[in-house]
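This report refers to the structure that appears directly beneath it.
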């Protein structure tokens, strides 16, 4: 395969994948309550893949007790991680959430390498970790821009930041359990079915706990409907199939080298499509976090294991 087609294939994945947080933010601004949006999206995607697995005459969930245990733990982590992401996008501008998502390779280094690969963090990597934490501290110390129902709130900014950090941590934990489940014989189809459907159960438990979860105020505007359709089809089913096919024809390291480009493109989307003003402090924090994660990760290894949550 020549260089231009390879580049084109990856750029399609990057440009489409970068639209995921923007589409979620747009859906929330179109009037979707957080819980119905998450439950509805994961239910449709989970049922689609359930039918897909059954059509292939495969078991929809892992057959071994250990495989099921690991699959359900991965699913629980995803459920918490996704709702934390949606809350972060509800509370804070998309650009701020995207900057915080750039911290995920550092979390991967601290969690995946030590929990799965049993590797120690080396001196040069600690320098990268420290640089990323410096960028994180810069972002958390400055207000940036927040719009919550027309009013600004520093407390809401911090809550949004905390939700996104929690989302990154739980998403990374999901990857850990997914890797262990695959080693235990669980196939990808079983993982995506259990991950989405069990995550829906996590959302439903939260919905029952909070009482007024917003199911009576689901929007019916054209913008809200199309945002929901886009989240299910394009950055749901299509992106899953496309990534799976792309990994089969391209080197994983080559794909991983474009990881941070997706976040940079997402920032452009936030400015152009959502009309967000991106403060210079956020760009400075993004540069530091990005530099730190590049220093910390050897040959982009953790970058190939963790993708942005959604």
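The values are calculated or read from the model by the stated rules, or taken from the named source; none is laboratory data. This one's a predicted model, so the numbers in the text were calculated from it and none came from an experiment. Note: ideal-geometry Cβ built from the backbone for every residue, glycine included; neighbour counts use all protein chains shown.
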_Output for the range 12-58, where each listed residue is in contact with a helix residue (DSSP H, G or I) (Cβ under 9 Å, 6 or more places away or on another chain) and part of a loop (DSSP other than H, G, I, E, B)_ = 18, 19, 30, 31, 32, 33, 56, 58
*Just wondering, is there one or more residues in the range 254-266 that are buried (at least 20 other Cβ atoms within 10 Å of the Cβ), touching a residue at least 12 places away in the same chain (Cβ under 8 Å) and outside any helix (DSSP H, G or I)?*
no
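Rundown of residues vs (1) at pLDDT 80 or above; (2) buried (at least 21 other Cβ atoms within 10 Å of the Cβ); (3) out of contact with any strand residue (DSSP E or B) (no Cβ under 7 Å at 6 or more places or on another chain), yes/no style:
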{"position": "147", "(1), (2), (3)": "no, no, yes"}
{"position": "152", "(1), (2), (3)": "no, no, yes"}
{"position": "155", "(1), (2), (3)": "no, no, yes"}
{"position": "164", "(1), (2), (3)": "yes, yes, yes"}
{"position": "168", "(1), (2), (3)": "yes, yes, yes"}
{"position": "177", "(1), (2), (3)": "yes, yes, yes"}
{"position": "180", "(1), (2), (3)": "yes, no, yes"}
{"position": "193", "(1), (2), (3)": "yes, yes, yes"}
_Being more than 13 Å from the chain's Cα centre (by Cα) and without any contact (Cβ under 8 Å) to a residue 24 or more places away in the chain: is that true of residue 54 here?_
yes
*Checking residue 233 against (1) touching a helix residue (DSSP H, G or I) at 6+ places or on another chain (Cβ under 8 Å); (2) without any contact (Cβ under 8 Å) to a residue 24 or more places away in the chain, which test does it fail?*
(1)
_Every residue from the range 207-229 that is touching a helix residue (DSSP H, G or I) at 6+ places or on another chain (Cβ under 7 Å), at pLDDT 80 or above, farther than 26 Å from residue 54 by Cβ and part of a helix (DSSP H, G or I)_ = 224, 227
*Would you confirm whether any residue within the range 105-117 is closer than 17 Å to residue 139 by Cβ, modelled with pLDDT under 90 and more than 16 Å from the chain's Cα centre (by Cα)?*
no
